[in-house]
Structures are given as C-alpha cells and as structure tokens.
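Report on the structure given below.
Derivation of every value follows stated rules applied to the coordinates shown; laboratory data play no part. Computed from a predicted model, the values in this text were never measured in an experiment. Please note: Cβ atoms are built from the backbone with ideal geometry, for glycine as well, and neighbour counts cover all protein chains shown.
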Amino acid sequence: MADVTSEKPVVAHTITKPIEDLHEHSETEGYVVDADGRSEGIKVAADGHTRLIPQPSDDPNDPLNWSWTRKHVILFIVSFAALLPDYGSATGAVTLLPQAEFAMSVRLLVTLLTRIRVWNMTPDHVNHSQVGNVFMLGAGGLFVVSLSAYFGRLPVMFYFLVVALATAIWCAAATTFESFMAARILNGFFSTVSQAGGLMFIYDMFYFHERARKINIWAAFIILSPYLGPLLAAFMIATKPWPVPFWVYTAETALALVLTILFVEETFYDRRIAPSTQPPRGSRISRLLGTSQYRSRHLRNTFGQACSRIFIVIAKPPVYLASVYYLLTFAWVVGINTTLSIFLTPLYNFGPKQIGFFYFTPVVAALLGEVAGHWIHDLLAKQYIRSHKGHFEPEVRLRAVGISLPFMVVGLAMLGQSLENGWHYMATSIFWGLYVFGIMITTVALNAYVLDSYPEASGEVSAWLNMARVLGGFIISYFQVTWAEKQGTKKSFGIQSAIVAASFGLIIILMVFGKKLRVKSGALNFRTA
C-alpha cells in the first residue's frame, strides 16, 4: 500500500519567526516573568500574571498544550530511564567483591544454571570494568544530543534503549571478565540516553516557571540511582550469585523500553513555523522509528550543524565554568560509591546485607534534597522576581549552591574522619548523607542555570554537565582506594572537601560576572532549539 503522506501535496513550511526568537530572554533584560501591566495579548498562567515562557501556539500538537497527565507520564518515564545508567553502574560497586573471587558460567534453560570458577583478580582490578562503564556514561551523552538535534528526541531514546537492553543481557550472561567488561562499557554508552538528554524533554514540554521543579524530579532519579543499585544488589548477593542483580537491571531496562514504546512522544516542536504549515507528524510507529522526523530533517539542523552544536556550547564561559564546578564537586560521589564497600567491609566487618542497609542513608538524603529543592529553587526565584519588577536573571539559580555548600564540605571532611578513626557506622552514615543532600541541591541549581542561560541548547548543556559529572568520577575511581591507603581517609577526604570549598569561587565568578560573560560571548543562534 502506498504511503498516504507521500500522496499529499508539498506544503511550504514557512518560517514565521527569526532564529533570535529561540532565545527566550533578552541578554540585557533577562526574563520578563511577571506580566502585570503588560498582559495585553500575552498568555499568562492560571495565577493571572505569570507570563508563559515560551508563549504557546494554538496548535494542539504543541507539547506546551498537552495535558498535565500526558506531560508528567513522559517526564516520569524519561526520569526512570535516567535512573538506569548509574543504577546499573553502581550495581557493580557491590558485586565487585564476589566477582573478584568467582566467575559464573551461565546457561539459560528453563532455570538459571550456574557453575563457579575463579577469576583470581583483586577487587581494585575488577573495578576497572566499573570505571570504563562510568566514563561511557558521559561520552555517550555527547552523541545522544547531537543525534537528537538531527533525528529527533524519541527515535534516539528508543534505539539507545534497545541496545542498552541487549548489552544489559550480555552483562548478566558474561562468562569471562573480558566479556563482562566489554558489555559494561557498551552498556554505559547506550544507557545514558535519558540521563544526558532529559533536559530536552523538560524544555520542550514545560514553561520557564515550571522547569526548576521538573528538573528537581528528573535529577532526583539520577541522584538516587547510584545508591538504589548497591542497596538492592547487596541484599541479592547475600543469598544469590552475582549475576542476579544484573538480571534485575536487565528487567528494569526492558521496562523502560516498553514504557517508551507505549507512552513517550516526540516532543520537539519548531516554534518558528506557523501551526498551519507544521510538517506532518506521521503515525505513532513512524515517530518512534524516526522515519517521520527524517522526512522533515531539512527544516532542522544539517548533520554537520547538529554535531557542531555540542562544541559551540562548551565554548560559552558560563557552561564551561559550571561544568568545571560540577566536575570538582560531583567526582567524589562516584568515587565514594564505587569503592565504599572496600572501606566498610574490613572496618565494620560488614557483609552484603549490612552494606545494603548502609545505602538507605544516601537514598533518604537524596529524597530529602528533592523535597527541600522543590521549595528552595522556587523561593529564591520568586523573591528575586518580586524585588526586580518581574525580571529574572539565570544567575539567581546559583544562590542555591551557597545553601548546599556547607553540607557538601562538612559531609566529606567528617566522612574521612569517621572512616579513619573508626567511629560508629551511624556517624559515617550521617556524614555521607550530608554530602548527598548537598549534591542534590547543587545538581538542580546548575542544570536550571545553564538551561535558563541557553534554553535553545537544552540537550547540549545537559550533556556537558553529565560529562563533567562522570568524568570526575571516572578519574577518581582509579585512585580513590590507593589514595586513602597511602594517606588515610582523614587526609584524602579532607583534600576532597577543600577542593569542593575552593571551587565555590567559580560560582562566585558566575554570580558576579555571569551576565557580562553571557552578553560578551553572545547568543548561540542555533537553527532549532
């Protein structure tokens, strides 16, 4: 049967708005959020005065016009998919101890049959599969956003999750360390799709005044994920062989893929094109596979433009400085998480169950950070808007980092003290929780800042923060254990705490000079958002 879309007359997709309009705020004025006294012809929120940014079209296919339920179903599926990369990565942080002693040869018949043979590797050597996976979580994100700028959001998410599922199965079924390590590296690259690209979906579906809270939800899944993985895996390996947690991770990846197929939509919508001349959306399956988006590719970036966007964005000083700050503060999250079982086992004589219980603390801390952030970021924004006649500057988002800084500095320093001095495990747990609470607030603030600064580059700014996050963790994972063994945790964690404190100078620079840096470096002027 002929494709009915090919039989329709060619429609001229007239560009009705200039590229500059993709930049949602004036470099000199910032965002004009309060429409009081300027509301004629301007669409506002239910409160009657908050200006909707961007202004929605009258097209029901405009994601800004979708129902609350439809938007939030997509948000939670994207957030769940964003949980998978660090969840799967950190699962290896607990299983590395039994993996160092055993390897499982797996045959899948009606039941899972196993036999044990020795790998004869140190835990630190097995940890190399972990750091390879961590690095690819960042590198994969750069490809995600470049491909999404050309092919669309939905098909990239779909295809990456398909390969993520295949490599998750490979991880669980691997019979040699070399095979397992290869599977882990590839899984890291493809599983990161929603972690790196989540801001694109948030930008597409939600208004400016809603985004901080939606980022808070998405970030909570990301921050929780490296703790949920070890928590559940620790209980599993207490009675089950080490591949079992990876089979559970495989099932979770399969769930994310199924939910994506059933409910996630293509959220890209070109606001430069009049609703009456928007390109045909095509069928559901064509949008999922990307054939519909491919037909309208001439209206978006060329492939070269899509690939160059990522480099143009990191050249902007606000994005670069924010990424460096995130690298210097988040690196210790990954470093601690991938090696903590090595510290806890000899110090407290913990077995797998005790390590599992220990991970309840960062889970609770991340949830408390999500709840606190739900109010903190909005309160800071609203206070500034009230005192500046309805105007808002992106740098205001960074004030939340000042609130989170003491929690991170104190948490890291005292965690090192507790581990070296052999304090009660409850003290160690609380100090770890303080740091996690702080990093949750910081994550939302930085993502909101770079998104507000360059909204038309939602994917690119998200990918660079993600790259900074995992690059720091990749580096520290290689020498976290040997560093602590050589200098002691009191000194090594104390240095980490000092680095976090000193790096706050970058935030001060952005708060004071961020606007000047944005104006001087100019707008991105991308062809599409």
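Of note:
- Overall, the anisotropy analysis places segment 299-396 in the oblate class: the square-rooted eigenvalues a ≥ b ≥ c of its C-alpha gyration tensor yield a/c not less than 1.5, with a/b not exceeding b/c.
- Listed residues 201, 419, 64: farthest to the positive end of the dipole of segment 63-521 (Cβ charges): 64
- Among the listed pairs 316/389; 316/486; 490/520, those whose Cα-Cα separation exceeds 32 Å are 316/486; 490/520.
- Residues 71, 520, sorted so that the one with the fewest Cβ neighbours within 10 Å comes first: 520, 71
- The Cα atoms of segment 228-324 give a gyration tensor whose axes a ≥ b ≥ c have a/c of 1.5 or more with a/b no greater than b/c, which makes the shape oblate.
- Dipole of the chain, positive direction: furthest Cα of 500, 325, 138, with charges on the beta-carbon: 138
- Relative exposure of 288, 380, judged by other C-beta atoms within 10 Å (fewest first): 380, 288
- R0 of 45 Å, Cβ-Cβ distance residue 479-residue 263: FRET efficiency to nearest 0.05: 0.55
- Highest to lowest packing among 219-228, 170-179, scored as the average C-beta count within 10 Å: 219-228, 170-179
- The magnitude of the dipole of segment 63-521, with charges of +1 and -1 set on the Cβ of Lys/Arg and Asp/Glu and taken from the Cα centre, is near 1020 debye.
- R0 of 51 Å, Cβ-Cβ distance residue 297-residue 349: FRET efficiency to nearest 0.05: 0.30
- Using a Förster distance of 56 Å, the FRET efficiency for residue 65-residue 512 (Cβ separation, nearest 0.05): 0.90
- Linear extension gain, residue 289 paired with residue 410, 0.36 nm per residue minus alpha-carbon span: 38.7 nm
- Per residue, the average separation of C-alpha pairs within less than 8 Å and at least 6 apart gives the chain a relative contact order of 23 percent.
- Prolate/oblate/rounded label for the chain (Cα gyration tensor, a/c 1.5): oblate
- Note on segment 63-521: dipole from Cβ charges, positive end direction compared against 239, 344, 434; the farthest Cα belongs to 434.
- Each Lys and Arg adds +1 at its Cβ and each Asp and Glu adds -1 at its Cβ; summed about the Cα centre, segment 226-313 shows a dipole of about 400 debye.
- Tilt relative to the chain, helix 425-453 - C-alpha long axis, 0 to 90 degrees, to 10: 20
- Lysines with Cα under 28 Å of residue 71, excluding same-chain neighbours fewer than 8 positions away: 17, 43, 214, 382
- Here the extension length gained between residue 357 and residue 305 equals 13.9 nm, from 0.36 nm per residue of separation less the Cα-Cα distance.
- Gain upon complete extension [residue 379, residue 519; 0.36 nm per residue less C-alpha separation]: 47.8 nm
- Size of electric dipole in segment 261-312: Cβ of Lys, Arg +1 and of Asp, Glu -1, about Cα centre, debye, nearest 20: 100
- Per-residue ellipticity at 222 nm, computed for the chain from helices alone with -39500 (n - 2.57) per DSSP H run of at least four residues, works out to -24000 deg cm²/dmol.
- In loop segments of segment 415-492 as defined by DSSP, the chymotrypsin sites (Phe, Trp or Tyr not before Pro) with at most 16 further C-beta atoms inside 10 Å of their C-beta are 423.
- Residue order, fewest to most surrounding Cβ atoms within 10 angstrom, among 158, 76: 76, 158
- Residue-by-residue Karplus 3J(HN,Hα) for segment 402-415, coefficients 6.51, -1.76, 1.60, Hz, glycine and proline x: x, 6, 7, 4, x, 5, 5, 5, 5, x, 5, 4, 6, 4
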